[in-house]
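Please read the structure below before turning to the comments.
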């Protein structure tokens with residue numbers, strides 16, 4: 001059972017808030033997961049590109065063979081040019097040719113050439129045998145230069161093939177890079193759009209949650225207010241007292257005398273206006289520290305700081321004096337008077353148990369004023 005002092009929260013409303021909270025968490029999680037997926041994709045692509053670049057620019061594998069073939073061919077061509085010189089038979093020229101042949105032999109005698117080019121072994125054999133034959137005079141310079149044509153053609157073939165392979169590697173690398181860039185671009189766009197969409201849904205759900213919270217707070221505020229006078233109601237009175245625990249407070253209960261007769265004579269619209277005027281009078285007379293409440297019908301309550309009974313007495317007296325000065329007309333008053341009030345009051349220390357007792361004794365004081373003829377006030381002993 002819901003207490004009269006607590007705002008009622010329907011189960012459907014609680015379920016709706018729970019559902020909105022779940023949606024809020026869901027959209028937020030999805031948006032964060034989307035951006036995390038985007039980051040993981042970028043990291044993955046970065047880890048793919050680095051090994052590809054390393055493989056391409058590394059100095060291992062057959063792609064380095066072009067450089068060796070080019071240098072070897074240059075040495076053979078220089079040796080061939082020296083052999084065709086008229087002074088080839090000199091010792092210095094023979095030594096120069098032998099040096100170039102040895103350098104060309106070393107650069108050409110690599111495993112990758114032996115494995116992939118059939119002309120390598122015969123060419124190496126020719127190059128390796130020329131230097132001893134020239135030194136011994138077993139072959140003429142012109143014949144030696146002619147024999148070098150075969151190794152030079154072999155090295156040229158190796159160079160061209162290596163260039164073709166390098167070109168294919170470049171094309172493959174470019175194509176693979178382009179393809180991965182497209183995948184990265186399109187996937188990033190899709191993930192980004194999804195993440196943005198999820199984030200927008202999250203923001204939309206957040207605004208809905210905030211709006212629902214604002215509406216609930218507004219509803220709770222209205223539930224704690226009297227719609228006619230704008231002051232607090234009975235529930236607000238209880239919460240105010242509980243919020244000021246252990247303070248010395250004064251509780252003043254006010255009842256309009258012969259209010260039913262007032263309504264019967266002048267009509268309920270006039271009665272509503274009288275309630276509004278009386279609420280303003282109470283607030284102005286009791287001061288800004290006083291909190292006013294309409295308990296129902298023509299009964300009002302006020303809670304205000306009150307360190308001792310004389311202060312409470314002063315408030316009751318000034319309240320009735322101010323009302324008498326205002327002279328609110330009451331044509332149906334039995335004593336042909338203006339509007340009068342019956343007031344009961346008590347001073348108490350604000351705790352849960354004393355408030356209930358304080359309200360009871362203040363109400364009894366109000367009742368005694370009514371039975372004594374109304375138009376007066378009475379203070380009960382402090383609670």
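Any read-out appearing in this document is the output of simple, stated calculations on the displayed coordinates, not a laboratory observation. This one's a predicted model, so the numbers in the text were calculated from it and none came from an experiment. Note: ideal-geometry Cβ built from the backbone for every residue, glycine included; neighbour counts use all protein chains shown.
Round to a whole angstrom and tell me the spacing of the C-alpha centers of the stretch 286-339 and the stretch 95-121.
Using only Cα atoms to place each centre, the spacing works out to 121 Å.
Tell me, what does the Kirkwood hydrodynamic radius of the stretch 242-294 come to in angstroms if you use every pair of distinct C-alpha atoms?
13.1
Using r as the Cβ-Cβ distance of residue 381 and residue 317, and R0 as 25 Å, what FRET efficiency do you calculate, to the nearest 0.05?
0.85
Arrange the peptides 295-306, 139-150 so that the one whose residues have, on average, the most other Cβ atoms within 10 Å appears first.
Ranked from most to least packed, the peptides come out as 295-306, 139-150.
If each Cα of the stretch 157-294 is one equal point scatterer, what is log10 of I(q)/I(0) from the Debye formula at q = 0.12, 0.14, 0.18 Å⁻¹?
Values returned for q = 0.12, 0.14, 0.18 Å⁻¹ are -0.77, -0.88, -1.11.
Which peptide among 307-317, 256-266 comes first, and what is the full order, when sorted by highest mean count of other Cβ atoms within 10 Å?
Ranking, from highest mean packing down: 256-266, 307-317.
Modelled label-to-label distance, residue 207 and residue 245, 7 Å Cα→beta-carbon offset: nm?
Taking the two extended label points, one gets 4.1 nm.
Taking R0 as 30 Å, what FRET efficiency do you get between residue 178 and residue 156 from their Cβ-Cβ distance, rounded to the nearest 0.05? Mind dumping the intermediate values first?
Values: r = 33 Å, r/R0 = 1.09.
Between residue 178 and residue 156 the formula returns 0.35.
If you average 1/r over all unlike Cα pairs in the stretch 234-379 and invert the result, what Kirkwood radius do you get in angstrom?
Here the Kirkwood hydrodynamic radius works out to 15.4 Å.
Hey, any idea what Rg/Rh is for the stretch 282-325, computing Rh the Kirkwood way over Cα pairs?
0.97
If I model a spin label as a point 7 Å beyond the Cα along the Cα-Cβ vector, how far apart are those points for residue 121 and residue 197 in nm?
Result: 6.5 nm between the two label points.
Within the stretch 94-123, whose backbone N sits under 12 Å from a point 7 Å along Cα→Cβ of residue 70?
Residues passing the 12 Å test: none.
Rounded to whole Å, give me the distance from the Cα center of the stretch 346-372 to that of the stretch 242-270.
14
Please compute the modelled spin-label separation between residue 234 and residue 368, points set 7 Å along Cα→Cβ, answer in nm with one decimal.
Rounded to a tenth, the inter-label distance reads 2.4 nm.
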